[in-house]
Every structure is written in C-alpha cells, then in structure tokens.
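The values are calculated or read from the model by the stated rules, or taken from the named source; none is laboratory data. Note that the coordinates shown come from a computational prediction; the quantities given were computed from them, not determined experimentally. Note that we place each Cβ from the backbone using ideal geometry, even for glycine, and neighbour counts take in every protein chain shown.
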Ligand code: ATP
Ligand code: MG
C-alpha cells in the first residue's frame, strides 16, 4: 500500500473569469485538509491564459512552463474569454503548451452519479443512469491530432499514429486505476479494430500489458461506435475503467459529460504516469498531474459570485488522490459535495447554484462544502 504524502508543492494557475473565483474556494477546502491532517501544500500562484497575455503578451511564459515541470501537481482554473477573441497566441494555447511540457498523456474524466441531485439533473431516465460509476481515460498526447498533416485544396490526410510505448503507458494507467479498488474493477479498451490498423495494434498491445502486468484485472474490448450507443442505453454496464485513444476519447468524454447534464459538476485530471509506477512519479511518491474542471471560464456569469465551485473542488479531490496518495481526504471531499448537493432532497435547505436550478452563490455552496469536509475529516 502507498503511504499518503504529507503534502507537496503545487503550481496554481487560476486563469480567467470564473477560474479565480472557483479556485479560491477550492483552496479553502485544501486549507481544511492541511489543518486536519498536518499536511502542508506549498502553493505558487502564476498566470496562464488571457491574464498572462495582458501582462506578458503571451498565454504562458517560459518561467511558468519550467515551474510546471518542477512541481508535484498543477491546479488549473480556466482560461479564455471574448475580450481576447482575436489575440495571438490565443489564451487557450497556454494550457496546451503546459500539457506538452508536462507530458500528461492520460486524461481522466470520472462519470459518477454520487448524488440524488446528479441523477435528477441528468437528461437520461433515472432507472438508466442511477448507479453509473466509470472512469474514462483518454490518451491525450498522440493519435490523429498530432503528426505531419497534409492539407491541400482537394486533399487532406491526418496520420493516425500510435507506437508501442504510447499504448503501453496508457494501458498501465488503466490497469493501475482498476487495482485501486478491491477487488479490481473491470477495464474496457475501446477501439475500432474492425476497420483501423491502428486499433488492431492498440488492442494487441493493451492485451499483452494486461496479461503480463495485470493478470487479475478483467480486460474486455469494445468498439467505439457501439460504446457510444450503450453509453445512452445501458451505461451501468461499463462501471469500472474505460481506456481509449485520443479521437475516440475526445468524443466519448463529451458524451459522458452529457450524461450528467451539469458542466458545473465535472472534474478532470491529466496524469504523466500510472499510480504506483516510476513513470511520472513526483517528489512525494504520487503521480505528476494537472487538475482542472471540465467547464470553461464562463464569461457570461463571471464577477457575480454565481459560479458553481463543485467541479473545481472535485478536481482538488482528484489531485489529493493521484498526486498525493491522500485517498481518505479525497473520499471525504467527494462525500461532502454529494451531501451538499442533496441537502434539499434530504429535507434540508436548498444549496444549489443557478446551473443546478437553485439560487445559491459560489460562497454559499463553498461554505456548505467546507463545513461538511470539516465535519468528515
Ligand atoms: P470554453 O470554450 O472555455 O469551453 P464555453 O463557452 O464553451 O467555453 P463554458 O465557459 O464552460 O464553456 O460555459 C458554458 C456555459 O456553462 C455557460 O453558460 C456558463 O455560464 C455555464 N457554466 C460553465 N461552468 C459553470 C460553473 N462552474 N457554474 C455555473 N455555470 C457554469
Ligand atoms: Mg466549451
């Protein structure tokens, strides 16, 4: 078993618009974790996105890129907004450059219906969505989105390339995450091996890694098109870990976000290695990672204190889990969020922001979560 880290060093990049509003609230939860556990998180605040463009005429500076390579984790808010509409480089490019520098190849998006409120907000029928709990891993540094592209007036070609090390390392992330549960949860590897040569190699190498390194984890293969349908009709069939390439992962992760119907609730992690291996290991024995909500900077509601802080707070929980091995604290934060989201359903006061159909402010929601985390830790 891994020992929980006693904190570590984080780079905080709040970004633009609601980014700083929700990051501030999430860090109050981190303060509570520090007080309760004695862990100490050294926080370095810097700029990325439109704020960096305004100050440095670049979406991220070399200094910040260097820092992102040296810390145990990066905690990111959101970047961009209409005021930088025509700016070059665009504000979003800062995060892409950080991703590349950190080599965070595994993008994790949990899809977990942990609260009654989430079930109720989903556009999918309750009996179909209740109990869904999977982790989708998207390979994020290779595949069809990279490589030498050909673009002519009447011809175009995107090479869809993967080589063994890229497939092996993301397969290892899937195996390692499956092993975090006891007994291990099943893993689905998603591809189009019926038509793509690339997918056939993907399938063969993933199978090899599981046979050799994760013999006790059940691996199944699933075609991407069929999974897209089953996500809507029978999503609980995939409770466990799903691992797929960049293109399928891009599409399927948006689909899985759509299942919840609430942008303000969805966290994400991007890891540079697999938990429990040497690859991507940080200075405190966790995995180097970048954590950010799925939502953007929401310029339409920024400055009014109306943003839902939950996605950012749940991203903090993911950071504690993967970069600092603080599983108990991560569990408590997730439990606290579910409790607050369900306060009305459980006969208490409604504490919901506008995106959830309520009238609470960022502060109301954050304070309720903080109180619950304090109670649990
Ligand atoms: P981006 O290109 O950065 O993804 P976007 O406009 O596509 O930007 P968001 O910035 O996420 O996406 O905003 C989409 C909608 O969801 C907006 O109406 C925004 O107000 C709302 N929204 C996003 N995040 C939150 C949040 N945390 N709380 C409340 N509403 C939110
Ligand atoms: Mg968007």
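Worth pointing out:
- Restricting attention to the stretch 257-302, the residues that are in a strand (DSSP E or B) and either within 9 Å of ligand 1 (Cβ to nearest atom) or within 13 Å of the chain's Cα centre (by Cα) (or both) add up to 10.
- Selection status of residue 77, modelled with pLDDT of 95 or more and farther than 23 Å from residue 166 by Cβ: yes
- Pair list, Cβ under 6 Å, 6 or more apart: the stretch 280-294 residue within 21 Å of residue 110 (Cα to Cα), other residue away from ligand 1 (no atom under 16 Å from the Cβ) and in a strand (DSSP E or B): 280/287; 287/271; 289/73; 289/269; 289/271; 290/74; 291/269
- Candidate set from the stretch 144-163 (those that are within 28 Å of the chain's Cα centre (by Cα) and not in a loop (DSSP other than H, G, I, E, B)); member that is farthest from residue 196 (Cα to Cα): 145
- Subset of the stretch 180-222 [loosely packed, with under 14 Cβ neighbours inside 10 Å and either in contact (Cβ under 8 Å) with a residue 12 or more places away in the chain or in a loop (DSSP other than H, G, I, E, B) (or both)]: 181, 182, 183, 194, 195, 215, 216, 220
- The single condition among (1) within 16 Å of ligand 1 (Cβ to nearest atom); (2) touching a helix residue (DSSP H, G or I) at 6+ places or on another chain (Cβ under 9 Å); (3) in a loop (DSSP other than H, G, I, E, B) that residue 118 does not satisfy is (3).
- Any hit, the stretch 107-115, residues being under 18 Å from residue 169 (Cα atoms), touching a residue at least 40 places away in the same chain (Cβ under 8 Å) and assigned to a helix (DSSP H, G or I): no
- Matching residues, the stretch 6-24, being surrounded by 22 or more Cβ atoms within 10 Å (Cβ to Cβ) and farther than 17 Å from residue 324 by Cβ: 13, 14, 15, 16, 17, 18, 19, 21, 22, 23
- Checked against (1) closer than 25 Å to residue 34 by Cα; (2) away from ligand 1 (no atom under 13 Å from the Cβ), residue 309 passes all but condition (2).
- Whether a residue is modelled with pLDDT of 95 or more, over 13 Å from the mean Cα position of the chain (by Cα) and either within 11 Å of ligand 1 (Cβ to nearest atom) or closer than 18 Å to residue 112 by Cα (or both) was assessed, and residue 246 does not pass this test.
- Residue within the stretch 337-346 that is within 16 Å of ligand 1 (Cβ to nearest atom), outside any helix (DSSP H, G or I) and at pLDDT 95 or above present: no
- Out of 53, 27, one residue alone is within 16 Å of ligand 1 (Cβ to nearest atom), closer than 26 Å to residue 92 by Cα and touching a helix residue (DSSP H, G or I) at 6+ places or on another chain (Cβ under 7 Å). It is 53.
- Identity of the residue in the stretch 179-207, touching a helix residue (DSSP H, G or I) at 6+ places or on another chain (Cβ under 9 Å) and under 19 Å from residue 275 (Cα atoms), that ends up modelled with the lowest pLDDT: 180
- Under the condition of being crowded, with 19+ Cβ neighbours inside 10 Å and within 13 Å of ligand 1 (Cβ to nearest atom), the residues counted in the stretch 65-91 number 8.
- Qualifying residue in the stretch 352-363 (condition: part of a helix (DSSP H, G or I) and free of Cβ contacts under 8 Å to residues at least 24 places away in the same chain): no
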